[in-house]
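What follows is a short report on a single structure.
Every number in this text was worked out from the coordinates using simple rules, so none of it is lab data. Everything numeric here is computed off the predicted structure, so don't read it as measured data. Heads up, the Cβs are rebuilt from the backbone with ideal geometry, glycines too, and the neighbour counts pull from every protein chain shown.
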Amino acid sequence: MKEISAGGVVYCKKDNQLLIQMIQDRYGKMTLAKGKMEPGETIEQTALREVWEETGITGTIKEPIEIIKYQYSKLNSGVIDKEVHYYLIEAASGELQAQIEEIRGVEWLNPIDAWKQQKLGGYHNNHSVLLKALDKLGIKVE
Ligand code: ATP
């Protein structure tokens with residue numbers, strides 16, 4: 001079975017400082033907002049809807065970052081081939097609020113801390129997603 005999700009590296013500018021949104025997912029890992037595509041949606045619409053639903057933030061898409069692929073096993077469905085389309089998304093408005101049915105938490109971190117959290121508790125295939133996003137934003141963390 002195939003599953004397609006979309007989401008993004010969401011950033012905001014506050015007091016001249018750039019902040020990056022990091023999620024703690026329901027499995028306890030640090031990750032990026034994302035969720036499954038629904039019928040009738042474009043993949044960009046999915047990314048923006050999921051960011052809004054999971055974190056309370058509305059945003060605008062700046063550019064695509066990367067499509068990552070992985071597999072996991074689901075009870076009664078077997079192996080799932082998953083594809084996640086990530087975009088660079090600038091936060092436009094909204095109050096940060098985790099939708100607790102879907103994720104454990106969400107926060108704004110400075111880029112150095114976001115990268116630290118990614119390295120410490122993130123999925124390996126999200127490393128390049130975050131690094132590419134930071135690079136597009138003109139930020140070097142290593
Ligand atoms: P969605 O947010 O797309 O609706 P979901 O919560 O239904 O997703 P996933 O986030 O893909 O599903 O999680 C399903 C399984 O895959 C979990 O075991 C999770 O830890 C694992 N997983 C999540 N993200 C990744 C990733 N980037 N790389 C590898 N495994 C991942």
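Among the residues of the stretch 13-35, those identified as touching a Leu at 6+ places or on another chain (Cβ under 8 Å) and within 11 Å of the ligand (Cβ to nearest atom) are ILE23, MET30, LEU32. Inspect the stretch 44-57 for any residue being farther than 26 Å from GLY138 by Cα, within 9 Å of the ligand (Cβ to nearest atom) and either among the acidic types (Asp, Glu) or loosely packed, with under 15 Cβ neighbours inside 10 Å (or both) and give the result as yes or no. Yes, because at least one residue in the stretch 44-57 is farther than 26 Å from GLY138 by Cα, within 9 Å of the ligand (Cβ to nearest atom) and either among the acidic types (Asp, Glu) or loosely packed, with under 15 Cβ neighbours inside 10 Å (or both).
Only residues that are among the small types (Gly, Ala, Ser) and closer than 14 Å to ILE103 by Cβ: list them for the stretch 9-54, please. Selection gives GLY28, ALA33, GLY35.
Considering only the stretch 72-92, I want to know if a residue exists there that is more than 11 Å from the ligand (Cβ to nearest atom), in a loop (DSSP other than H, G, I, E, B) and closer than 17 Å to ASP25 by Cα. Looking for residues that are more than 11 Å from the ligand (Cβ to nearest atom), in a loop (DSSP other than H, G, I, E, B) and closer than 17 Å to ASP25 by Cα, one finds none in the stretch 72-92, hence no.
Let's see how each residue does on (1) out of contact with any Gly (no Cβ under 9 Å at 6 or more places or on another chain); (2) surrounded by fewer than 16 Cβ atoms within 10 Å (Cβ to Cβ); (3) not hydroxyl-bearing (Ser, Thr, Tyr):
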| position | (1), (2), (3) |
| --- | --- |
| MET1 | no, yes, yes |
| LYS13 | yes, yes, yes |
| THR31 | no, no, no |
| PRO39 | yes, yes, yes |
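Put simply, of GLY138, GLY105 the only residue that is assigned to a loop (DSSP other than H, G, I, E, B) and of a type in the set (Gly, Ala, Ser) is GLY138.
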